[in-house]
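Trainee: Below is a structure I'd like to ask you about.
We did not get these values from a lab; they are worked out from the coordinates using the rules stated. This structure is a prediction, so every number in the text was calculated from the model and none was measured. Here the Cβ positions follow ideal geometry from the backbone for every residue, glycine too, while neighbour counts run over all protein chains shown.
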Amino acid sequence: SEYQYLLVSRPKPGVGLIQLNRPKALNALCTPLILELNSALRTLQADKTIGAFVLTGSDRAFAAGADIKEMKDLTFSTAYGADFIEAWSDLVTFLKKPLITAVNGYALGGGCELAMMGDIMYCSQKAVFGQPEIKLGVIPGAGGSQRLTKAIGKSRAMEVILTGDNISAKQAGEWGLVARVFETPQECLDGAIAAAEKIASFSQIAVKAAKEVVNKSQDLGIREGVEYERRVFHGLFGSKDQKIGMKAFAEKQKPEWSNE
Ligand code: HXC
């Protein structure tokens, strides 16, 4: 494989699957792994035949966090000077195609943060989430304090981040951290791949716009957000796929998307 820490495949038409593959360290997210992940996502993103991604780990661990052994001797000036963790934020800002994260086993610290970068998160019964950084004398550093709070609310996020206690799969489902809890890891991965395949079967233009407007809701107030949505909605009447989709409905045909 061209990657040391990843397995990349295409399990279904339009679906790019990336599996974190550093089993001996429970997929601890060392810098070389993050750089590979960036590169794999960029390659798949540039591929017109890919419509959606799935990111997963192993049955035992999605990822047990950033690599503690790599971080332990960092100083303020090396962390700040090299903008340690900056490569992580790139992981989502450039991604325009939907990413589904399928979590089995541990998703702790940076692993939980990476999982939350997905547009949709699924997990199985044995998944364990948490932000245990407080136990190491630090705090979440890849968006955890922001994304977890948006996802489950302030009081619950405070409890998780301040106590370092884990979140069970059941709790993650009830709190809405994940969209769905599957019985087994295989069902979770199959479910993620099936959702990605479905997404990839629609107009890529419409999918891109849908992801963009939902993401705007994270940054904008409701009035500006609704206006933004309407502008993008109007814009889609300039696409070929709007004509294709609505004409097909009126003629009781299946649409053949042009992605234009
Ligand atoms: C480096 C790690 C690691 C990590 C596990 N390993 N997590 N190495 N960084 N985050 C390594 C262990 O050192 C060990 O290597 C091997 O993986 C197997 O782990 P064990 O501990 O032996 O397994 P187990 O007893 O089953 O316990 C699993 C575990 C535990 C509960 C997940 O490994 C654990 O607590 N890990 C750390 C979790 C954590 O604190 N994550 C947050 C990190 S801070 P050897 O060589 O001994 O076999 C963080 C900051 C993010 O993520 C901020 C910015 C991104």
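Trainee: Residue by residue, what Karplus-based ³J(HN,Hα) values in Hz, rounded to whole numbers, does segment 101-106 have, using 6.51, -1.76 and 1.60 with θ = phi - 60° and x for Gly and Pro?
Mentor: Along segment 101-106, the couplings run 9, 10, 9, 10, x, 6 Hz.
Trainee: Quick one: P(r) of segment 14-85 from all Cα-Cα pairs, 5 Å bins, percents rounded to integers, in order of increasing distance.
Mentor: P(r) for segment 14-85, in whole percents per bin: 4, 15, 21, 19, 17, 13, 8, 3, 1.
Trainee: Still on this structure: Using only the alpha-carbon atoms, how far is helix 185-200 inclined from the longest principal axis of the chain? Give it as 0 to 90 degrees, nearest 10.
Mentor: Approximately 40 degrees, to the nearest 10.
Trainee: What net charge do the residues around Gly14 carry, taking every other residue with its C-beta under 14 Å from that of Gly14, with Lys and Arg at +1 and Asp and Glu at -1?
Mentor: +4
Trainee: Taking H placed 1.01 Å from N in the peptide plane, check which residues at least 5 places from Val15 or on another chain put their amide H under 5 Å from its amide H.
Mentor: Gly51
Trainee: Using the Karplus curve 6.51 cos²θ - 1.76 cosθ + 1.60 with θ = phi - 60°, work out ³J(HN,Hα) for each residue of segment 52-64 in order, rounded to whole Hz, and write x for Gly and Pro.
Mentor: With the stated coefficients, segment 52-64 comes to 7, 10, 10, 10, 9, x, 10, 5, 7, 8, 5, 6, 8 Hz.
Trainee: May I ask you to list the aspartates and glutamates whose Cα is less than 12 Å away from that of Lys211, ignoring any residue fewer than eight positions away on the same chain?
Mentor: Asp119, Glu229
Trainee: Name the residue from Gly235, Ile18, Ser39 whose Cα lies farthest towards the positive end of the charge dipole of the chain, charges +1 on Cβ of Lys and Arg and -1 on Cβ of Asp and Glu.
Mentor: Sorting the options by dipole projection puts first Gly235.
Trainee: Count the net charge of all other residues whose Cβ sits under 13 Å from the Cβ of Gly221, scoring Lys and Arg as +1 and Asp and Glu as -1.
Mentor: Here the count lands on -2.
Trainee: In addition: Take Gln125 and Lys243, extend 7 Å from each Cα along the Cα→Cβ direction, and tell me the distance between the two endpoints in nm.
Mentor: Roughly 5.2 nm, to one decimal.
Trainee: Pairs Lys69/Lys97; Lys97/Lys216; Lys48/Lys198; Lys150/Lys170; Lys12/Lys216; Lys198/Lys254: which are spaced more than 21 Å apart, C-alpha to C-alpha?
Mentor: Long pairs (Cα-Cα over 21 Å): Lys69/Lys97; Lys12/Lys216.
Trainee: So, counting K/R as plus one and D/E as minus one, what does the shell of residues with Cβ under 9 Å around Ala248 add up to?
Mentor: The answer is +1.
Trainee: What do you get for Rg/Rh over segment 81-143 if you use C-alpha atoms and the Kirkwood form of Rh?
Mentor: Rounded to two decimals, Rg over Rh is 1.00.
Trainee: What is the P(r) of the chain, as percent of Cα-Cα pairs per 5 Å bin from 0?
Mentor: Pair shares across the bins are 1, 6, 12, 16, 18, 17, 13, 9, 5, 2, 1, 0, 0, 0.
Trainee: Residue by residue, what Karplus-based ³J(HN,Hα) values in Hz, rounded to whole numbers, does segment 113-124 have, using 6.51, -1.76 and 1.60 with θ = phi - 60° and x for Gly and Pro?
Mentor: Karplus values, whole Hz, x for Gly and Pro: 5, 5, 4, 6, 6, x, 6, 10, 10, 10, 8, 10.
Trainee: Give me, ordered by chain and number, the residues 5 or more places off Val103 or on other chains with an amide H under 5 Å from its own placed amide H.
Mentor: Amide H to amide H, under 5 Å and 5 or more residues apart or across chains, Val103 pairs with Tyr122, Cys123, Ser124.
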